[in-house]
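Below is one structure, written out as structure tokens; the observations come after it.
The values are calculated or read from the model by the stated rules, or taken from the named source; none is laboratory data. Worth saying up front: this structure is predicted, and the values here are computed from it rather than measured. Here Cβ is always computed from backbone atoms with ideal geometry, including for glycine, and neighbour counts include all displayed protein chains.
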Amino acid sequence: MTEAPPYPQKRTCPYEPPPGYQEIGERGPVLKVTLFDGREAWMVTGYRESREILTNPNLSSQRTHPGFPIVAPRFRSQIARTLALIAMDPPVHDTYRRYLNPHFSLKTVRGMRPQLEEIVSGYIDAIVDHGPPADLVPMLAVPLPSLVICRHLGVPYEDHDFFQDASGKVMLGTEEESATAAQDLVDYIDRLVAAQIKDPTDGLLGTLVRERVIPGDVGHDELVSIALVLLIAAHETTSSSLALGIITLLEHPDQLARVREDPARLPGAIEELLRYIATTDLVATRVAKGDIEIAGHLIREGEGVLVSGTLANRDDQVHLRAHEFDVLREDTHHLTFGFGIHQCLGQNLARLELEIALHQLLTRIPGLRLAVPVDELPILGAGTVQRVLQLPVEW
Ligand code: HEM
């Protein structure tokens, strides 16, 4: 048996898996990989096997467990290990989800459409006024998810520079940067929650104070930790999906033409983008709290388990022409939002942001194209979220 391949690896193209993942995929659907600290963890790469394992009750998200696999130094911090929801197991996890789900349901999010359209329109106006070349990272991909989640939570957007910077560092910074940024965010949110408890306003934080803090279901610190996870989870993921989505469409003009032919194809094209670009390279990190048998392997209690979104989304056992980007495909099912009890809380919101942003961008700036060759776009991050640092376009 050859050595367990290293994970994660860096992408060389913004929307293609890192070249070394071919070997990982060939050795799947379940194999061992080597992490940066030399430890090994199981990795699941098959689509069906990923869904199977993500519904296994013997998987735990408790990051304080000594066997929990750490995929990058920044995830060693105390705050990263004790995040609300993401690092929790039932029953507390499920209780929190019950409190939050209605505030991110399809119905709630649909009601946000007019507000989102107005927000996006403001950003596109600014891009048009600026004229080519324009960098869509600072002008759209980063501020849009930030403004949307701030408005939804009732967090003052004047502080957005601080949030964007801090949540970027938490997800993509060095270990020290990530820990400091997470602490800064906690301190900031702590003050915000204290103010909301004193005088709750209209946003989700104020609503949660009225619905959950005042009746005594949730304490001050718990609300801080919920707000922290909502802010962190909403920023980088959506911003990165939007940037990578734009690049992928611009680099596949035949597919872009099909979307332009019929705008009703956009939601399907977005599902295909989510499948293909797999912003969240890793959709789940877990530890086994009991033995698990899967695809002929025995994962023992205390061993780490990773689920590869990138590879599960391109599983040729379930996807026809798995490596082809095809906006008309019907088998767009993907794991980009995870699966099972931790499946993304904000997925309805993320889909709507992507739809409105892509629709307005493509209709209002029809001649849009990359201003530099795709291989010159700087990409940061490996293993969790892939981020393009600049996205210069012209028209
Ligand atoms: C395209 C954008 C997004 C992607 C690709 C994405 C991806 C994911 C994935 C893969 C998970 C599962 C993690 C796991 O199983 O351990 C997750 C969970 C989560 N996401 Fe998202 N997300 C996106 C946008 C958002 C937004 C806009 C929010 C805003 C609230 C959000 C909030 C959350 C939360 C709170 C969780 C934890 C859920 C739980 O543990 O029960 N996400 N997301």
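Can you say whether ASP375 is charged (D, E, K, R) and either modelled with pLDDT under 95 or within 11 Å of the ligand (Cβ to nearest atom) (or both), as far as the supplied structure shows?
So ASP375 fits the description; yes.
Looking only at the stretch 383-395, filter to residues that are surrounded by fewer than 19 Cβ atoms within 10 Å (Cβ to Cβ) and at pLDDT below 95; which one of those is nearest to the ligand (Cβ to nearest atom)?
LEU389
If we keep just the residues of the stretch 143-181 that are among the β-branched types (Val, Ile, Thr) and buried (at least 21 other Cβ atoms within 10 Å of the Cβ), which is modelled with the lowest pLDDT?
My answer is VAL170.
Which residue is nearest to the ligand (Cβ to nearest atom), if the candidates are limited to the stretch 310-339 and must be buried (at least 17 other Cβ atoms within 10 Å of the Cβ) and farther than 17 Å from PRO29 by Cβ?
Going through the qualifying residues, I end up with GLY338.
Give the stretch 252-291 a look and list any residue that's acidic (Asp, Glu) and over 22 Å from the mean Cα position of the chain (by Cα), or say none.
ASP254, GLU261, ASP262, ASP291
If you check PRO132 against the conditions, is it in a loop (DSSP other than H, G, I, E, B), within 26 Å of LEU368 (Cα to Cα) and away from the ligand (no atom under 16 Å from the Cβ)?
Yes.
Of the residues LEU266, LEU273, LEU306, LEU298, which single one is touching a His at 6+ places or on another chain (Cβ under 9 Å) and either surrounded by 24 or more Cβ atoms within 10 Å (Cβ to Cβ) or aliphatic (A, V, I, L, M) (or both)?
Among LEU266, LEU273, LEU306, LEU298, only LEU266 is touching a His at 6+ places or on another chain (Cβ under 9 Å) and either surrounded by 24 or more Cβ atoms within 10 Å (Cβ to Cβ) or aliphatic (A, V, I, L, M) (or both).
To keep it simple, each residue is scored yes or no on (1) of a type in the set (A, V, I, L, M, F, W, C); (2) modelled with pLDDT under 95; (3) in contact with a Phe, Trp or Tyr (Cβ under 6 Å, 6 or more places away or on another chain).
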| residue | (1), (2), (3) |
| --- | --- |
| VAL44 | yes, no, no |
| TYR47 | no, no, no |
| LEU85 | yes, no, yes |
| HIS93 | no, no, no |
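One residue is enough: does the stretch 212-225 have a residue meeting the conditions touching a strand residue (DSSP E or B) at 6+ places or on another chain (Cβ under 8 Å), surrounded by fewer than 19 Cβ atoms within 10 Å (Cβ to Cβ) and either assigned to a helix (DSSP H, G or I) or aromatic (Phe, Trp, Tyr) (or both)?
No, the stretch 212-225 contains no residue that is touching a strand residue (DSSP E or B) at 6+ places or on another chain (Cβ under 8 Å), surrounded by fewer than 19 Cβ atoms within 10 Å (Cβ to Cβ) and either assigned to a helix (DSSP H, G or I) or aromatic (Phe, Trp, Tyr) (or both).
Cβ-Cβ distance below 9 Å, separation of 6 or more or different chains: which pairs start in the stretch 330-356 with a residue that is within 26 Å of SER60 (Cα to Cα) and at pLDDT 95 or above and end on one that is among the charged types (D, E, K, R) and near the ligand (Cβ under 7 Å from one of its atoms)?
Cβ pairs passing all conditions: ILE341/ARG97; HIS342/ARG97; LEU345/ARG97.
Could you please find all residues in the stretch 177-219 being of a type in the set (D, E, K, R) and closer than 16 Å to THR82 by Cβ?
Residues satisfying the conditions are ASP187, ASP190.
Any residue in the stretch 102-122 that is in contact (Cβ under 8 Å) with a residue 40 or more places away in the chain sitting within a Cβ distance under 7 Å of a residue that is surrounded by 15 or more Cβ atoms within 10 Å (Cβ to Cβ) and of a type in the set (D, E, K, R)? List the pairs, counting only those 6 or more apart or interchain.
LEU116/GLU353
Return the total of residues in the stretch 95-137 being loosely packed, with under 13 Cβ neighbours inside 10 Å and either modelled with pLDDT under 95 or among the acidic types (Asp, Glu) (or both).
Of the residues in that region, 3 qualify.
Quick one: in the stretch 340-350, which of the residues that are in a helix (DSSP H, G or I) and in contact with a helix residue (DSSP H, G or I) (Cβ under 6 Å, 6 or more places away or on another chain) is farthest from the ligand (Cβ to nearest atom)?
ASN348
Looking at the structure I just gave you, is LEU242 under 14 Å from the mean Cα position of the chain (by Cα), under 22 Å from LYS10 (Cα atoms), in a helix (DSSP H, G or I) and at pLDDT 95 or above?
So LEU242 passes the test.
Within the stretch 1-98, considering only helices (runs of 4 or more DSSP H) that don't extend past its boundaries, which have at least 2 residues that are within 15 Å of the ligand (Cβ to nearest atom)?
Passing ranges, in order: 47-54, 78-81.
Restricting to the stretch 1-48, give me the number of residues that are within 18 Å of GLN386 (Cβ to Cβ), free of Cβ contacts under 8 Å to residues at least 40 places away in the same chain and among the polar types (S, T, N, Q).
Matching residues across the stretch 1-48 total 1.
Restricting to the stretch 366-381, name every residue that is touching a Phe, Trp or Tyr at 6+ places or on another chain (Cβ under 9 Å) and buried (at least 18 other Cβ atoms within 10 Å of the Cβ).
LEU368
Would you check which residues across the stretch 49-83 are free of Cβ contacts under 8 Å to residues at least 24 places away in the same chain and of a type in the set (D, E, K, R) and list them?
ARG81
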